[in-house]
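The values are calculated or read from the model by the stated rules, or taken from the named source; none is laboratory data. None of these values were measured; they are calculated from a predicted model. With ideal geometry, Cβ positions are generated from the backbone for all residues, glycine too; neighbour counts draw on all protein chains shown. Only protein heavy atoms, including side chains, enter the accessible area calculation; ligands, DNA and RNA are left aside. Shrake-Rupley method; radii C 1.70, N 1.55, O 1.52, S 1.80 Å.
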Amino acid sequence: MARTNPFTFLQEVRQEVSKVVWPTRRETTVTTIMVFIMVFLAAIFFLLADQALSFIVGQLLTIGR
């Protein structure tokens, strides 16, 4: 493992950070809205799947009675 002095390390960090492309406010807003929509759709899907499985298991358990 190569050792560098702190000054060189900070220079390299600054160079790398300058290469980062930060998203615009619009991109961040659109992405956030898309995430909330996908979370909502996933929640609805799992709610319906849970209800369906619960109904099926309930029906199977009442067959033996």
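Data table
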read-out: Total residues in the range 10-65, condition among the small types (Gly, Ala, Ser), modelled with pLDDT of 95 or more and over 15 Å from the mean Cα position of the chain (by Cα); value: 3
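Matching residues to (1) open to solvent by 100 Å² or more (accessible area, probe 1.4 Å); (2) in a loop (DSSP other than H, G, I, E, B); (3) without any contact (Cβ under 8 Å) to a residue 60 or more places away in the chain:
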{"residue": "Arg26", "(1), (2), (3)": "yes, no, yes"}
{"residue": "Phe46", "(1), (2), (3)": "yes, no, yes"}
{"residue": "Asp50", "(1), (2), (3)": "no, no, yes"}
{"residue": "Gln59", "(1), (2), (3)": "no, no, yes"}
{"residue": "Arg65", "(1), (2), (3)": "yes, yes, yes"}
